[in-house]
Every structure is written in C-alpha cells, then in structure tokens.
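Enquirer: One structure coming up, written as structure tokens, with questions to follow.
No lab work stands behind these numbers, since they all come straight from the coordinates. These figures come from a predicted structure and were not determined experimentally. Every residue, glycine as well, gets a Cβ built from its backbone with ideal geometry; the counts of neighbours run over all protein chains shown.
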Amino acid sequence: MAQTILYCRVSTSEQTAAHQETQARQAGFKIDQVLSDQGVSGVTVPLADRPQGRRLFDILRSGDTLVVRWVDRLGRNYSDVTDNIREFIRRGVIIRTVINNLTFDGATEQPMEMAIRDAMVCFMAAMAQAQAEAIKEAQRAGIDHAREADRPGVYKGRKPSYSRTDLETVLAMLEKQAGTSEIAKVTNLTRQTVLRIKADPRGADDALKAWGQ
C-alpha cells in the first residue's frame, strides 16, 4: 500500500520536526510516517549521508508520496537536490512541498511536460541553494552584529519572544495567506507577536540577529 512520508531536517536545537509536521498537516497532508534528521546542517551534509535521509532511499517505493517543507530539505546544494529528486521520480515516487504546494512526479510521458517539470526542478533547486547561501551570509552578519552589540554600553533591545524557527514558520504561513489566529496556534506565539512580525519582518529578523540568533 502506498504511503505518505514527511521528511524533516532541522539543524539547531531551537528547531523541531514538530513545527514542520504541524505545517504539513495544516496544509492538508495526511502523513503516515515522519522521518527527521536533527542537528544536521543542510548545507554541508548530503541527503544520502544523513541517517533518516538514507532511509528514504531504502523505504520509498513506486506510488509513495514524499512530503518536504521545501526542496532544500532534499540536499545540501543544487546538484544534490536535483540528483535526489530525479532519483525519486525515476523510482515512481511523488514529491510534494508544503510551501507553495508544488508536485514533482514521473507520471507524464509527454516530452514537453517532462521538460517543464525538469526545468522547474532545476529552478527550485537553484533557488534553494541561493537561499541557503543568503542565510549563511545573514548568520555571519548576525554574529558580527551580536559581537558588536555585546560591548558594554550597547543596547540590544528587548529580547525577542520568538525563535528563528518561529520567525521562519510565521513568514512561511503568511506567504500562504494563513490567518493570524491560525499562525499563533501553530507557533504558540501571541497574536500581537505575529502581527508585529507581519508588520515588520525585517525588523523581526534584525531583533534576532541582535541577540545572536
């Protein structure tokens, strides 16, 4: 019997697979099994070298659906992501993303549709790598900013009540036009906090950086 597997990759102690699972179920996915790699860097460790990522290659069969928050969960860079997606498609696995509800599968045999699908895979993988590089640069800038802010007499502002993962979840759900109350329920944040993030996402990000997050 075909099954739907959610694969989560979380790289820090502040992130949890529960957030990603909640997002998936809120988006309407019926999950049969969750595989999660905790404390694994998405930009340095290939999917096949992660314990649970490796299991995907062992258990996924034709007709199964692999759900991920975004394609960046399926590899460490452009080549890794595209190679893995193509391998799963070749096996008859359907890949779906929570963000933007994209679907990649091998059902079509029409050359034009295959070309469009493959071009979309490449584009999404390139976007994922660009985003990862941007995050790394932002983290470096955040560390430098935090070090500067740690000097005596420098005011860092009030410590945010949300984590980096919370911020990412809020922004992702806002992108999908989720309501404030729904976002607050998923993230366990107050509606006021969600509204502040919605009104000034850059300021919310800067506040985290000031505290070294």
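Enquirer: Using a basic spin-label model with each label point 7 Å from the Cα along Cα→Cβ, how many nm lie between Asn100 and Asp32?
Expert: Label-label distance for Asn100 and Asp32, simple model: 2.8 nm.
Enquirer: Let me ask something additional. If N is the number of residues in segment 157-210, what value comes out of its Cα radius of gyration divided by 2.2 N^0.38 Å?
Expert: Working: Rg = 10.1 Å, N = 54, 2.2 N^0.38 = 10.0 Å.
Taking N as the residue count of segment 157-210, the ratio is 1.01.
Enquirer: With each pseudo-label sitting 7 Å past Cα toward Cβ, what's the Met1-Lys176 distance in nm, one decimal?
Expert: Result for the modelled spin labels: 2.5 nm.
Enquirer: What does segment 15-117 give for Rg and for Dmax, in Å, if only its C-alpha atoms count?
Expert: When restricted to Cα atoms, segment 15-117 yields Rg and Dmax of 13.5, 41 Å.
Enquirer: Going through segment 36-76, which trypsin sites (Lys or Arg not before Pro) have at most 13 other Cβ atoms within 10 Å and a DSSP loop state?
Expert: Values: sites: Arg54, Arg55, Arg61, Arg69, Arg73, Arg76; in loops: Arg61, Arg69, Arg76.
Listed in order of number, the matching sites are Arg61.
Enquirer: Further question: Among Val81, Val34, Thr97, whose Cα sits farthest toward the positive end of the charge dipole of segment 4-127 (+1 at Cβ of Lys/Arg, -1 at Cβ of Asp/Glu, about the Cα centre)?
Expert: Checked the options; the winner is Val34.
Enquirer: Lysine pairs, Cα distance under 21 Å, 8 or more residues apart or cross-chain: how many in segment 157-210?
Expert: Working: Lys159/Lys198; Lys159/Lys209; Lys176/Lys185; Lys176/Lys198; Lys185/Lys198; Lys198/Lys209.
Close lysine pairs under the 21 Å cut-off: 6.
Enquirer: Within a 10 angstrom radius of the beta carbon, how do Lys209, Lys176 rank from fewest other beta carbons to most?
Expert: Details: Lys209 20, Lys176 15.
Starting with the residue having the fewest Cβ neighbours, the order is Lys176, Lys209.
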